Amino acid sequence: MTVRDLIPVLVLVGLAALLPLVVTASPVLNFLVFMLIVALGAQGWNILGGFGGQFSFGHAAFFGTGAYATAILQLRWGVNAWAGLAAAVAAGGAVGWAIGFLSFRSGLRGSYFALVTLAFAEVFRILANAAPLTGGAAGLLIGLDVRPANLQFADRAVFYWLVLGFVAAVLVLTRWIQRSRFGAQLVAVRENEDAAKALGVDSLRVKLRAIALSGAVTALAGGLYAQYFLYIDANIAYGGWISVELLLAPIIGGVGTVFGPVVGALTLHGLGEVAKQFAGRIPGIDLIVFGTVLVLAVAFARGGILGLLERLRDRGVGMLPPSAKSRTAKEVPNAGR
Amino acid sequence: MLVVDSVSKRFGGLMAVDGASLTVTPGSIIGLIGPNGAGKTTLFSMISGFIAPTDGGIRFEGADITAEEPHRRAARGIGRTFQIVQPFAGLTVCENIAVGAYLRHAKRADAIARARAVAQRVGLGPELDRPAGGLTVAGRKRLELARALATEPKLLLLDEVLAGLNPSEIRDIIPVIRGIRDEGVTILMIEHVMQAVMTLCEHVHVLAQGRMIAEGPPAAVCADARVIEAYLGHGAAARLAAEGAAHG
C-alpha cells in the first residue's frame with residue numbers, strides 16, 4: 001500500500017476534522033459523534049459482510065460486547081477507561097472468532113449464518129438483561145468524571161476528533177485489506193467458496209480472520225458509545241436496532257467498498273435528521289426515511305450510493321475512447337450477482 | 001506422482017465410483033474418458049479433496065492425502081478446473097487469476113505480475129481488466145485454466161476444458177495444453193472431445209458405471225470391445241466388427 005492509495009482517505013478525513021471549528025452547537029456535534037460511531041460499527045460489519053459476503057444480522061453481539069466490556073471493567077474492577085476500550089476491542093475479536101468458529105466450521109452460509117448471528121445477539125441481550133454483572137435491566141451508568149485520562153472530555157469536539165481518528169484508522173485498514181492477499185482471498189470466498197478452495201484458499205481461516213477483525217472494530221464502536229453516552233443497558237447495547245443500523249449503512253452506502261459504510265451512515269442519519277426537523281411531531285419519521293432509502297437502494301442502486309455514482313460516471317464516459325472505458329469497466333458491479 | 005488406489009464413492013444407493021484405481025507418472029498427459037454419468041467428475045472431486053471417498057486411498061508424491069482439505073492439496077501442487085465454470089464473477093479477469101497466484105506469492109505486486117503472465121500464456125491478455133462475468137464460454141474456460149495454472153501446480157486436473165468450444169477454439173487451445181505439459185506440469189484430463197484426447201494423451205483410462213474398464217494408448221483403447229460396448233451398448237462391438245467385415 002502506497003501513500004497514493006490513501007490520498008482520498010486523508011483528504012476526506014482532513015475536511016471532516018475541520019467541521020467542529022465551523023459548527024460548535026452541541027446538538028450538531030452530538031449528532032456527528034453518534035453518526036461516526038454508527039459508521040465505525042458499520043465499517044466493522046463491512047469487513048465481514050461486504051468483503052467476505054457473510055451477512056450478519058446480529059452485529060449487536062459485538063457492539064454490545066464492546067460497550068459492556070468498557071463499562072464493566074471500569075465499574076467493577078476500576079480499570080482505566082482507555083485500557084477498558086482496548087480490552088473491548090480484544091473481547092469483540094474473541095467473541096467474533098468464537099461465533100465464527102461455531103457457525104463457519106459447521107458450514108453455515110447465507111441466510112443460515114444471518115439467522116445464527118441474530119440468535120447470538122438475542123441470547124446476549126437476554127443474558128445481559130438478567131445477569132448482575134451487567135447491571136440487569138437497570139443497565140450500567142458510568143460515573144461522570146471529566147478527565148482525558150478517563151476518556152471523558154469537556155469539549156464534545158475532542159470526542160468527535162477521537163472517533164473520527166478511529167474511523168480514519170479503519171478506513172486505512174479497509175484499504176489495506178482491499179490491496180492485500182487476505183482481502184483477495186476473502187473476496188474470492190464471497191464470490192465462490194469452492195473455486196477459492198480449489199485455488200488453495202483456506203476458507204475457514206480467512207472467514208475466521210474476517211469475523212474476528214469485524215467483531216473487534218464493531219466492539220470499538222460499542223466501547224466508544226458507552227464512553228460517550230455514559231449509560232448502557234441490554235436493549236441499547238445488544239438491541240436489534242444497532243444490528244439493523246450496522247448493516248443498513250454499508251448496504252445503502254456501498255457494500256464491500258472502503259467508504260460505503262461512512263457514506264451510508266451519513267446519508268441515513270442526515271436524511272433522518274432532516275426529516276425530524278421538518279416533521280418533528282411525527283414520532284419515528286426517521287425510521288420511515290430509513291425504510292424508504294433502503295427500498296430505493298435495493299431497487300435502484302444494488303451497489304449502494306457509491307455503486308450508483310460509479311455507474312453514472314461510466315455512463316458519462318461513454319463518449320471517451322475505448323481505452324479509457326476499459327479502465328473503468330473493471331469497477332462495474334456484475335449484474336448477475 | 002499420483003496414485004489412486006481402488007477408491008469408491010457411494011451416494012446413498014448409488015455406487016458412483018466403484019474401486020477405481022489409476023496411476024499418473026510425472027510429465028505425462030493422461031486422459032480419463034467414459035460415457036456420461038460414469039463417475040469421472042466424482043473421481044476428480046475425490047482427487048482434489050471436495051468429496052471424501054467412502055473407501056480406498058489417494059497418495060500424492062508418496063504422501064497419503066485421502067483425508068486432506070482441498071486447499072492443502074492445492075498447496076501441495078494439485079490444481080483443478082471445474083467442469084461447470086466457477087468464475088469470481090464480480091472480479092476482473094486479472095483479479096480472478098491473482099487469487100490463484102497469491103497461493104505462492106504473498107505480495108500483491110508479485111501476484112498481479114504472475115497473473116498477467118499466466119493470462120498472456122492462455123490467451124487472455126486482452127481481457128485482463130474486463131469483469132469475468134462478461135467473458136464468453138471460451139473465455140471462461142481459459143480463465144478456469146489460467147486460475148489453476150496460477151497456483152503453479154505440479155499436477156493439473158482438467159475437467160472438460162474443451163466442452164462447449166467450437167472446433168477452431170479447440171484447435172487454439174490444444175497447443176496451450178501441450179505447452180503447459182512441456183513446461184513440466186503433469187496433466188490428468190477428463191475429455192469428451194476425442195480429437196483432443198487422441199492428439200494430446202499418451203495414456204487413457206476408461207471409466208464406465210464407476211469402474212475402470214480399460215486403459216492404454218488412446219488408439220488401442222478406442223478399438224477395445226469393452227469400451228465400444230460401454231459407449232454404444234451391449235453387442236455393439238460385435239455388430240461393428242461384423243459391419244466392418246461386410247464392408248471391408
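No other residue among A:Phe166, A:Phe101 is open to solvent by 50 Å² or more (accessible area, probe 1.4 Å) and under 30 Å from A:Asp5 (Cα atoms) apart from A:Phe166.
Is region A:174-186 home to any residue that is of a type in the set (Val, Ile, Thr) and over 26 Å from A:Thr24 (Cα atoms)? Before the answer, list the steps.
So in region A:174-186, the residues of a type in the set (Val, Ile, Thr) come out as A:174, A:177.
With over 26 Å from A:Thr24 (Cα atoms) added as a condition, the list becomes A:174, A:177.
Yes, that holds for at least one residue.
Residues being at pLDDT 95 or above, among the basic types (Lys, Arg) and open to solvent by 10 Å² or more (accessible area, probe 1.4 Å) are represented in region B:151-164 by at least one member. The one condition from (1) at pLDDT 90 or above; (2) part of a helix (DSSP H, G or I); (3) farther than 16 Å from A:Val38 by Cβ that A:Ala297 does not meet is (1). The number of residues in region B:97-112 being more than 8 Å from chain A (Cβ to nearest Cβ) and either buried (at least 23 other Cβ atoms within 10 Å of the Cβ) or touching a Leu at 6+ places or on another chain (Cβ under 9 Å) (or both) comes to 2.
Could we say that A:Gln185 is open to solvent by less than 10 Å² (accessible area, probe 1.4 Å), modelled with pLDDT of 95 or more and assigned to a helix (DSSP H, G or I) here? Don't jump to the end; show me each part of the working.
On the way: open to solvent by less than 10 Å² (accessible area, probe 1.4 Å): no; modelled with pLDDT of 95 or more: yes; assigned to a helix (DSSP H, G or I): yes.
So A:Gln185 fails the test.
Which one is surrounded by the most Cβ atoms within 10 Å (Cβ to Cβ) among residues in region B:113-126 that are assigned to a helix (DSSP H, G or I) and touching a residue at least 24 places away in the same chain (Cβ under 8 Å)? The extreme case among them is B:Ala115. Condition check for A:Leu85 on (1) open to solvent by 30 Å² or more (accessible area, probe 1.4 Å); (2) in a helix (DSSP H, G or I); (3) touching a Ser or Thr at 6+ places or on another chain (Cβ under 8 Å): one failure, at (1). State the number of residues belonging to region A:276-299 that are closer than 18 Å to A:Pro27 by Cα and among the aliphatic types (A, V, I, L, M). Number of matching residues: 1.
Listed here are the strands (runs of 3 or more DSSP E) enclosed by region B:11-89 that have at least 3 residues being in contact (Cβ under 8 Å) with a residue 40 or more places away in the chain and buried (at least 21 other Cβ atoms within 10 Å of the Cβ): B:14-24, B:29-33, B:78-80. Of the listed requirements (1) in contact with a helix residue (DSSP H, G or I) (Cβ under 8 Å, 6 or more places away or on another chain); (2) closer than 30 Å to A:Ala131 by Cα; (3) touching a residue at least 24 places away in the same chain (Cβ under 8 Å); (4) open to solvent by 10 Å² or more (accessible area, probe 1.4 Å), A:Ala16 misses just one: (2). Would a scan of region A:221-229 turn up a residue that is under 20 Å from A:Gly96 (Cα atoms), under 19 Å from the mean Cα position of the chain (by Cα) and polar (S, T, N, Q)? So far as region A:221-229 goes, no, none of its residues is under 20 Å from A:Gly96 (Cα atoms), under 19 Å from the mean Cα position of the chain (by Cα) and polar (S, T, N, Q).
The values are calculated or read from the model by the stated rules, or taken from the named source; none is laboratory data. No experiment lies behind these values; they were computed from the predicted model shown. Cβ sites come from the backbone with ideal geometry, for glycine too, and all protein chains shown count toward neighbours. These area figures cover heavy atoms from the full protein model, side chains too; ligands, DNA and RNA do not enter into them. Shrake-Rupley method; radii C 1.70, N 1.55, O 1.52, S 1.80 Å.
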